[in-house]
Amino acid sequence: MAAGADTWVWLATAGAGATAGMALVGAWWAWRRRRAAVPDESLLDTEGPTTEVSVRPARDPLTGLQTRASFEDVLDYACQEAQAPGGAFALLYIGLDGMRSVNDLQGHAGGDAVLSATGQRLLALTSDDACARIASDEFVVLVTGDAEAARRAARRVVEALCQPLRLGAQQLRLTASVGVVCYPEHGTRPQLLQRAATAMRSVKLAGGGSWAEYHLNMTESVREKLELARELQHAIDKRQLQLVYQPKVDARSQQITAAEALLRWNHPVKGVVSPDVFIPVAERHGLIGAIGDWVLDEAIRQAAQWRDKGLRMRVAINVSGYQMRQDDFVERLARGLAHHGLRAERFTCEITETLAMEDTAVTQRAFARLGEIGAHVSIDDFGTGHSSLAALRRLPAAELKIDSAFVTDLATSADARTIVQAVVQMAHTLELRVVAEGVETGEQRDLLVAMGCDELQGFFFAKPMSAAELELWAIYDDGPRDMQFRDSLFSETTPATLQ
Ligand code: C2E
Ligand code: MG
Ligand code: MG
């Protein structure tokens, strides 16, 4: 039992520091017996010579944890006990992130193995009377003590469930979202489970892998996100999605080398919705597949159109985790490129460092296929994940994009300068070109050029713009004046690297 210094394990059945918990266990058993006037078959323990009816909570066959029904009893009892001084408790509502793709990719046997391992991990942190599997991929844990104890427990649960899981020959890295409610501060007994679930859902909608304490605004924000998901479903059909393009420029010649496609949702009422808001929603609601396909087709179509007009630059898309885990993503890309007669190396797939380091057979297979077809792979947001040099060397990547956080701090932080310099050297050793993103000032540009960055991207050069604007800007030096970027950086678009 890993209760540690905090006695957050309620109804502890064994181990050091369990004395208070043991007393509670006894009281709880007695209470259950009193309640079981007509014993339920499933709760009867017929073993042993005792004549007293002994009541066992019903168990979930897959994880061995309590079921929702028996946990409701535990909650009733906890609420009763909470009337006494020192009886405070909290509820952690745990949702596994990404179970849909585990089931899609590993089949239901794989999904079951993950759920059973999650049960074991929770049991290693708590006692089996304190946790339950409450729905397919949702669990609850009861924690004794105040809000601070609940926060510590939530952190531990998130940490434990984020550890890599071995599934046969593969390693899976799942995360969990945890919602916390404290009794009685956050609601009455009938509200507890629902509010804890709302808190969990708000963590999930924000990207998962974390925890949050319930507050009243959450109910509203979860409702809003669900509404957003419903609307997003129709956005493609209603032609509300649009790609805008932001140039990457060669650090020395300052000619355009590429244009990164960035997704926008032109919502009829809310205006332009940022991808940072709706991509996580799309991922949680299974909409990212359709959106990713649309982005891919549209960006390839645009790249071909620009190629036909004589604009020689790469077009880049951002690839989501869902796409990388799809069996046919690379084939779809290859088919699209072939259909338009585009060379694969003219098309960039930006894949975040975190995703690139996901050591699963399915993502590694996608990387290998990208390498085989000769696509130009870029590691996005570099510096925000945990890369291993060995893994970086194995990837068929050609480009590494230093995350804008380092660029923002360049002028003021010696640490940021040291990191950027080291990343540039390491990348060049691995024969990767280095792009710095989020360049906003001339000072940052000068520092990055001096450090040997190959390409630059940011508002200093140009904000993302429509395909038509980019084209005008590329072709005519005197592009539209109302655009929020400086004069065209190039009059011809054939930088040396694309020859
Ligand atoms: P990203 O790929 O790292 O894109 C860079 C983001 O930084 C873009 O935000 C861009 O508009 C913004 N940016 C560029 N230069 C500057 C600058 O100088 N200063 C500042 N403050 N910001 C700058 P955007 O378009 O909101 O996109 C955010 C993220 O959403 C992207 O990060 C990418 O991860 C994701 N995303 C965008 N489009 C797609 C898409 O089609 N598919 C997927 N899966 N993700 C997308
Ligand atoms: Mg990107
Ligand atoms: Mg980025």
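Only the coordinates and a few stated rules stand behind these numbers; no lab work does. Source: prediction; values computed, not measured. Counting neighbours? That spans all protein chains shown, and the Cβs are built from the backbone with ideal geometry, glycine included.
The figures follow:
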read-out	value
Rounded D (µm²/s) - region 169-308, Kirkwood Rh over Cα pairs, Stokes-Einstein at 10 °C, 1.306 mPa s	89 µm²/s
Hydrodynamic radius by Kirkwood, which averages 1/r over all alpha carbon pairs of region 259-392, in angstrom	15.6 Å
Sequence-separation-based contact order of region 228-498, relative, with Cα cut under 8 Å and 6+ spacing, percent	20 percent
Protection proxy ranking, peptides 176-187, 423-434, 385-396, 275-286, average beta carbon neighbours within 10 Å, highest first	176-187, 275-286, 423-434, 385-396
Net charge, H285 excluded, C-beta distance under 12 Å - Lys, Arg +1, Asp, Glu -1	+3
Region 115-168 versus region 283-359: alpha-carbon centroid distance in Å	38 Å
Anisotropy class of region 104-154 from Cα gyration tensor, a/c 1.5 cut	prolate
Pairwise label distance in nanometres, N266 with L389, each label 7 Å out on the Cα-Cβ vector	4.9 nm
Dipole in debye (nearest 20) - region 363-458, about Cα centre, beta carbon charges: Lys, Arg +1; Asp, Glu -1	500 debye
Distance (nanometres) between label positions extended 7 Å along Cα→Cβ at T354 and Q305	3.3 nm
Neighbour net charge for T412 - beta-carbon separation under 14 angstrom, K R +1, D E -1	-3
Flagged links, alpha-carbon separation over 18 Å, of K225/K270; K204/K270; K238/K270; K248/K401; K248/K463	K204/K270
Region 228-498 pair-distance distribution - Cα-Cα, 10 Å bins, rounded %	7, 29, 37, 24, 4
Estimated dipole of region 228-498 in Debye, rounded to 20 [Cβ of Lys and Arg +1, of Asp and Glu -1, Cα centre]	540 debye
